[in-house]
Structures are given as structure tokens and as C-alpha cells.
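Colleague: Please find one structure pasted underneath; my questions will follow.
The values are calculated or read from the model by the stated rules, or taken from the named source; none is laboratory data. Not measured: the values here are computed from a predicted model. Cβ placement follows ideal geometry from the backbone for every residue including glycine, while neighbour counts extend to all protein chains displayed. The accessibility values were calculated without ligands, DNA or RNA, using every heavy atom of the protein model including side chains. Shrake-Rupley method; radii C 1.70, N 1.55, O 1.52, S 1.80 Å.
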Amino acid sequence: MTRLRAAVQAIQLPFDLPDVAADRTAWTRLLDQLDDYVIPRLTSLDAPLLAVVGGSTGAGKSTLVNSIIGREVTQPGVLRPTTRSPVLIHNPKDVRWFSDQRILPGLARVTGATADTATPGAVRLVPTDAVAAGMALLDAPDIDSVVESNRNLAAQLLAAADLWLFVTTAARYADAVPWGLLREAAERGTSVAIVLDRVPVEAVDEIRTHLAAMLREQGLGQAPLFTVVESRLANGLLPPEQIRALRAWLGRLAGDAQARSEVVRRTLKGALASLDARTGAIAAALTRQNTAASELLGASSAAYDDALSHVRDGMRDGTLLRGEVLARWQEFVGTGEFFRQVESTVSRLRDRFTSLIKGEPAKADNLGEALQSGVESLIGNRAELAATSTARRWRTLPGGDQLLSAEPTLMRSSAGIEPRIQRLVRDWQGDILQMVRDEGTDRRTTARIMAYGVNGLGVVLMLVTFASTAGITGAEVGIAGGTAVVGQKLLEAVFGDQAVRELSKKARHKLEERVEELYAAERARYEGAVSAVHVEPQQEAALQAAIAAVRSAR
């Protein structure tokens, strides 16, 4: 049970999915009952029986408790809500069972006058010999209080009870809220006794008969039913004859260890039996949360995978050689007529290229800058499209709008991505130049590299890396085709045909690696937003393992 409790406590249900409010309430109540009843009772089977007195607003719970004790120990009132903080009445010999955090560990212990019943987050302990050793009474807040915290506390206290002493009235015995809790008690096998309070004398038989029938319909036909007729109070207490039967029943229960043990056993057995369905519901809620997280992560992954795919296509289909790049290349080495003569004039082309590199370095710089700008634009545009696509998809997914509202920056690429892309491309160009230098493994190749220039060969290698006509139309086709041939022939003259193929392949691979790293960092923003809300798939496995361990132990 301790392991199960730890697994339940670790669960987070952060996404505002449909029905998540009910899921969170179920989670809270399960954790409360494990803390307040199941684990303490399993740990201390011989602890006193705790009877929690619960009911609707104004049902007379506090008056009933005071009348059973014979003096005012809990403060009734005409204002609503009435009972605001719980009052636990016990025999002085049993103080050790209630003064520590064995049960209700979330509530502080206070003692003192009845005026202290308004102390929030605390239970007031009242020792008295009017309660037999082995039993304690707890006056709980109203189950239908207008104050939500009172309602939640009432439900928590009822879940901590060995015995529910449920108080209702002739006017309100058919209300929906009490019956919802009574049905829950029946389903969990909780021991229950009913007090029908404030019944007009002339209607006792009729109302009692009707209530008994309703109890039978809900599986509570064996629950003891006590009737208190409408009576004038004396010093705030009911006439003794009105509570004689209830007091006698409680006295017999307190004095009979076997009877108390049977009540405890029945309630504990019911609580344990209910765990399968309750933990199953929590596991299902957790599955829905994990599914939502997976869908959100899948959307961001798909967007950035698509962005990377388009960048790869852009490096292969020739689109990077459009417009400005083609113009700079033509300026660099000549016109389309020059390309058509390349097969017969490769040696003249090499000579012209060398003279251009050495004599007009500005043109080489212009071409390199045009290539750099094109690559930066391709990478940046696809990054922005991935971000907006992810945000648009998240808007349609459970939990996505919630995360975007918390992190509006996720609707665009990260701030500062442009200089990061510029640095990426410069670093890649550095890779290209280093590859050219590394190819000078012998004197002849080194001499050729020196003759053409490392920077010039690097620019041509970038062109060859991107050269294709697949994405280009019209007049640009001939120029781009010439670009591929010219660049290929020039590089082959320096390095050889096999080396050129390997160089262009390696150049593409290095750029892809850098872009993939950039997009992974961008995608990590979305992954971080999901992980920040603490939806962890391993929580489900831990919960299922803990549930299985409890089943095998039972």
C-alpha cells in the first residue's frame, strides 16, 4: 500500500482535458483515503473505531453529537455553513491514537474551547469520558456546504471513517448529494448507520418506511436506521429519550471488541476492494494525459522532420541556384555560350578560372555571399514554417492551447535564430574549406589547389553540392546545367572524379548534420514545454506495477 500510495502521489494530470476535473478529484480522494484510512488502519488494526458524523447543512449533526456526549463539545449554529472545522471526541485513554499524524496527516491538532472550531486546516481534539475507550466520534463539515473547501474536507473525513454516522432530515432525506455519497459507501462496503432527524411526529412511520425502502434500493438495507422526532432543545441538547436508541447502540459497539473489529474489517475490506476500480480510473486518466503529451510531441517532431526534409530537397533539387546565385555565377565565369563550349575547352576554362580567382577576388566573394544568403534563407524559412505549423497543430490538440498560452514564444521560431543560422552556414563553409585543404595529400594535388585557390575551389564545391535542374524551370535550366558541368570539370581536374563525388556527398552530409542539430534545438523548446508539466510515461508503468503488487498481496 505504501508503494501504491507513492505511485499515486507521483502522478500528474496537468493537461485540461475533458473530464480532467473529475479525474483530479478522484486522484485527490484516492490519495486522501490511502493516507487517512487504508494505510493507518492496516498499520494499526487495534486502533479505536472512528465514527464520522456527516450530513447536509443544517441537518443537526453538531447538536446530535453534543446530545450523545451530554454537553456542548462542538459548536452548532444558525449561520451557514455551520460546522467549519472538524471536532474529534475521544476517550482520554485513546489520546495517543489521535494526537499524532497516524490518521489525517494533513490536518494540524488543536485543543481548546468550542470557539476554535473555525481553525482552518486543523482538527480539534476533545477528550471526554462520555465516549467509551475504543471508539471516537468526529463531527465533520457539511457535505453540501457552499464553501468548496468544506465539501472537500467532509468527503476526505468520510473516507477516513470506519463507520459513517449519516445524519439527514425529514425535509432533505431524498436530496441528491447525500445519496451520491451513500451510493459510494455501498459500492465500497463502508459500514453505515443513518440518523433521520427532525421528523414530525405524525409523519414518522411514513418517512421512515420510505427512507428504509430507498436504502434497500441502494444496497444499504442492513444499515441501522435511527429516528429523532422534532423536539424542543434543552440547553442546546436533544431530549435524552430521542437519542436513547442511538446512544445504546454506540455503547454496545464501543463495549464489544469483536463487534468493533467486524465494523473495521467490513469497511477496510470494502476500501481495499474498491482500489481496483479507483486505481484503474486513475491509470486511464494518466493514459489520456500521456496520449495528449505524445500527440503534442508528435506534432512538433513531424513539423521539424518535414522542415529538415525540405532543406535536404533544397540541397539536391537546384533551387538554391536560382536568381542571385545564378547571376553571380554567370558574372564569375561567363555566359551560357561559354558553358556550351566547355567540353572542348576545359584547359582554357581552367586558365580563365585561375585568372579570375587571382585577378578578380571580389566576384568570388559575391558568389560566396549569394550562396550563403540562399542557404540561410532556406534554413530560416523552413524553421519558421515548422514553428508556425507546430503552433497551429497544437491549437487543435488537447492541452496544446494551454501550453501555448503559457509560452506564447512557441508560436514562432526562437529569438536569435537568425544569427545562429548565419553562424551555422559560416561554420559549414569552414568545413568546405577544410575539406579542400585536406584533399591535398600529395604534392601535385597541393600544387593544383594552390594554383586555383582554396576559397575559389570551396565556392565551386558548394555549387556542385547544390547543382541540379530538378527544381528550376525556363532559361535558368541551361545555366544551372552548365553550372553543374563546369563545376564538376573544374573540381575533377584538381581532385579526380571519385574524390569530387565523395567531397560533394560529404559537404551535403555536414550541412544536414548542422541543420538537424539546429532544428533539434528548436524542437526541444516544445519538448521542454511538455516535460515542464510533468507528464512522464514511466508513471503509468510504476502505477500498474504497484497495483499488481497490491493484488498479489491480497
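Colleague: Across region 534-549, in residue order, what do the Karplus-derived ³J(HN,Hα) couplings come to in whole Hz, using 6.51 cos²θ - 1.76 cosθ + 1.60 with θ = phi - 60° and x for Gly and Pro?
Modeller: These are the phi-based 3J(HN,Hα) values: 6, 9, 10, x, 5, 4, 5, 5, 5, 5, 4, 5, 5, 4, 4, 5 Hz.
Colleague: Okay, moving on. Enter the accessible area per residue of region 1-97 (Å², integer; probe 1.4 Å; all protein chains in place).
Modeller: I get 39 Å² per residue for this part.
Colleague: In addition: If I take all pairs of Cα atoms in region 88-242, what percentage of them are more than 19 Å from each other?
Modeller: Pairs farther apart than 19 Å: 61 percent.
Colleague: Also: Whole-Hz Karplus ³J(HN,Hα) for region 11-25, in order, using 6.51 cos²θ - 1.76 cosθ + 1.60 and θ = phi - 60°, x for Gly and Pro?
Modeller: Values per residue, Gly and Pro as x: 6, 10, 10, x, 7, 7, 7, x, 6, 5, 4, 5, 4, 5, 5 Hz.
Colleague: Can I ask one more? Compute the distance in nm between two label points, each set 7 Å from the Cα along the Cα-to-Cβ direction, one at MET214 and one at GLN9.
Modeller: Simple spin-label model gives 3.9 nm for this pair.
Colleague: ³J(HN,Hα) across region 412-429 via Karplus (A = 6.51, B = -1.76, C = 1.60, θ = phi - 60°), whole Hz, x for Gly/Pro?
Modeller: Listing the rounded values in order: 9, 4, 5, 4, x, 6, 4, x, 5, 5, 4, 5, 4, 5, 4, 5, 5, 4 Hz.
Colleague: Also, quick follow-up: With point charges of +1 on the Cβ of Lys and Arg and -1 on the Cβ of Asp and Glu, referenced to the Cα centre of region 374-416, which listed residue (MET411, ALA383, TRP394) lies farthest in the positive direction of the dipole?
Modeller: The one lying farthest along the dipole's positive direction is TRP394.
Colleague: Moving to a separate point now. For VAL195, list long-range residues whose amide hydrogen, built 1.01 Å from N in the peptide plane, is under 5 Å from its own amide hydrogen.
Modeller: It is PHE166, VAL167, THR168, PHE226, by chain and number.
Colleague: Taking the Cβ of ILE11 as the centre, find all other residues whose Cβ is under 15 Å away and add up their charges (Lys, Arg: +1; Asp, Glu: -1).
Modeller: Net charge in that neighbourhood comes out at +1.
Colleague: In a shell of Cβ-Cβ distance under 12 Å around PRO48, excluding PRO48 itself, what net charge do Lys and Arg (+1) and Asp and Glu (-1) give?
Modeller: +2
Colleague: Moving on. Would you mind pulling out the separation of the Cα centroids of region 1-64 and region 251-301, in Å?
Modeller: A separation of 9 Å, based on Cα centres.
Colleague: Calculate the length of the line joining the C-alpha centroid of region 167-246 to that of region 376-392, in whole Å.
Modeller: The distance from the Cα centre of region 167-246 to that of region 376-392 comes to 67 Å.
Colleague: Something else about it: Can you check what the net charge comes to around VAL228, using other residues whose Cβ is under 12 Å from the Cβ of VAL228 (Lys, Arg +1; Asp, Glu -1)?
Modeller: +2
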